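Here's the structure we're looking at; comments come further down.
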Amino acid sequence: MAGHSGGPAGDYGGTAGEDLIVRVLRQTFAICMFNLRDLFTRLHLTAIGILGVAGVSLVLVGMLSMADGFRSAFRSDGAVKRLIVLRSGATSELSSRLTGNDVEAIRQAIRAVEGTNATVSPETYFITSLARRDSTGEVNVPVRGLSPEGMALRSGFRIVAGRMSVPGAHELLVGKRAVEEYSALALGSPLPIGRQLWKVVGVFETEGGLAPSEIWGDPYLLQTAFDRGNAWQLVVTRLPRRESQFDIELQMSRDKRLQVRSVREDRYYAQQSHSLSLFIQFVGRLLSFAMGGIALFVVLSSMYAAVAARRREIAILRVIGFGGFPILCSVIEEAVFLATTGGLLGGLLAYLAFNGRRLSTLNLSGSFTQIPFAMKVTSESLRSGILLGIVIGILAGIGPAIRAIRGNVALTLTSN
């Protein structure tokens, strides 16, 4: 019958006949649990490590929530079932130009595929300048000219205040988000747009997308107000079938006079938001990388100090039979625990501080209009903050862990 390895090692080291892996796991678990309990006796070092990583996680999650919120502002539930037709080469609605003949040819192509009852919405797109409610100056706001049929194409369109505008009248519907962001859009207010004076008669809402940030009016009167004649920017229609887009494109290609391109609305707005969203993510990750270096140094210093403070304790563990690998793992585990806790704390603070916070930025993808949006802390951004903490913890734990197992046991125990 095998004996014990000696002393208290019988409690933690196991018998000689035990499987080596089981013994190592038992030792590792025992030291890790002791280290976690010991954290409360070193609160100052623990707090420094956690708060250092929390600051990095806060910045990363905050910037990612800004990018996610900006992308969400472009999303609409029904966008996948709407088709936008623009002039070939146009990168946005503002740069697109369609003549009345173009619009009629597009209408015929759509109805040749979907039938004479297909809803076709020719639309105009202009820009006006409005003062922001926070008195930070004037910004460009989109003004869309469309018929009641075009309004009905927007998923979830409904009037939430006031009434529906009358076709042929100088009346405006304003999006709920626009009312919240800009002054001079109260119900009944006169609003000069182009060369004419308009009246705000209703506030509308839709299921997502940029529509709630826009101002809507009669397309023909807006053409007159901006001296555009019979010029349009785009045509919108519904896609009842997945194959409809290909069939409509094929039908339009048969008319050699048409120089147009079609794109599904969800893909169009994804393209519009892509560049700025990537830029925000890049800046966020760059800042996090720079701050992560500082946090890594903070956690590293904290762990070196913790190992130095526990050098006699570690030496005693080696004497009573604990192996180097369990001690190494325990130091790395402590660093990962501190950094992961910091990542979680930073994510929680970001959620409390940023989630739902309203911002606005300029759409640089062609329209140069102001895009109001709400920051959105997602599970993916929270995971990024936690993962960053884990990486910092691993990197910060390796050096102190190696020092912990390389110390001279006899010299440590005999020193003061």
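Side notes on the structure shown:
- Any chance SER273 is at pLDDT below 85, assigned to a helix (DSSP H, G or I), over 28 Å from VAL120 (Cβ atoms) and among the polar types (S, T, N, Q): no
- Lone unmet requirement of (1) more than 20 Å from the chain's Cα centre (by Cα); (2) within 21 Å of GLU93 (Cβ to Cβ) for LEU187: (2)
- Residue check, VAL141 loosely packed, with under 15 Cβ neighbours inside 10 Å, in contact with a strand residue (DSSP E or B) (Cβ under 6 Å, 6 or more places away or on another chain) and assigned by TED's automatic domain parsing to the domain that holds ALA211: no
- Test: residue in the stretch 205-215 that is in contact with a helix residue (DSSP H, G or I) (Cβ under 9 Å, 6 or more places away or on another chain), in the same structural domain as TRP232 (by TED's automatic domain parsing), of a type in the set (Asp, Glu) and in a loop (DSSP other than H, G, I, E, B): yes
Condition check ((1) without any contact (Cβ under 8 Å) to a residue 24 or more places away in the chain; (2) in the same structural domain as MET375 (by TED's automatic domain parsing); (3) hydrophobic (A, V, I, L, M, F, W, C)) across all residues:
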site: LEU43; (1), (2), (3): yes, yes, yes
site: ILE50; (1), (2), (3): no, yes, yes
site: GLY55; (1), (2), (3): no, yes, no
site: VAL113; (1), (2), (3): no, no, yes
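- Count of residues meeting criterion [in the same structural domain as ALA109 (by TED's automatic domain parsing) and in a helix (DSSP H, G or I)] in the stretch 247-268: 7
- SER302 small (Gly, Ala, Ser), touching a Gly at 6+ places or on another chain (Cβ under 6 Å), in a helix (DSSP H, G or I) and not assigned by TED's automatic domain parsing to the domain that holds ALA211: yes
- Output for the stretch 216-244, where each listed residue is more than 18 Å from SER96 (Cα to Cα) and assigned to a loop (DSSP other than H, G, I, E, B): ASP218, LEU239, PRO240, ARG241, ARG242, GLU243
- Remark: pairs (first residue in the stretch 173-192, under 21 Å from ALA225 (Cβ atoms); second residue of a type in the set (Ser, Thr, Tyr) and in a loop (DSSP other than H, G, I, E, B); Cβ separation under 7 Å; 6+ apart in sequence or on different chains) = LEU173/SER165.
- Any chance TRP198 is closer than 19 Å to LEU94 by Cβ, touching a residue at least 12 places away in the same chain (Cβ under 8 Å) and not aliphatic (A, V, I, L, M): no
- Residues in the stretch 363-415 that are hydroxyl-bearing (Ser, Thr, Tyr) and farther than 16 Å from SER65 by Cβ were compared, and the one that is modelled with the highest pLDDT is THR369.
- Qualifying positions in the stretch 298-329 - touching a Phe, Trp or Tyr at 6+ places or on another chain (Cβ under 8 Å) and either without any contact (Cβ under 8 Å) to a residue 40 or more places away in the chain or surrounded by 22 or more Cβ atoms within 10 Å (Cβ to Cβ) (or both): PHE322
The values are calculated or read from the model by the stated rules, or taken from the named source; none is laboratory data. From a predicted model like this one, the values you see are computed outputs, not experimental measurements. Neighbour counts are summed over all protein chains in view; Cβ atoms, including those assigned to glycine, are modelled from backbone coordinates with ideal geometry.
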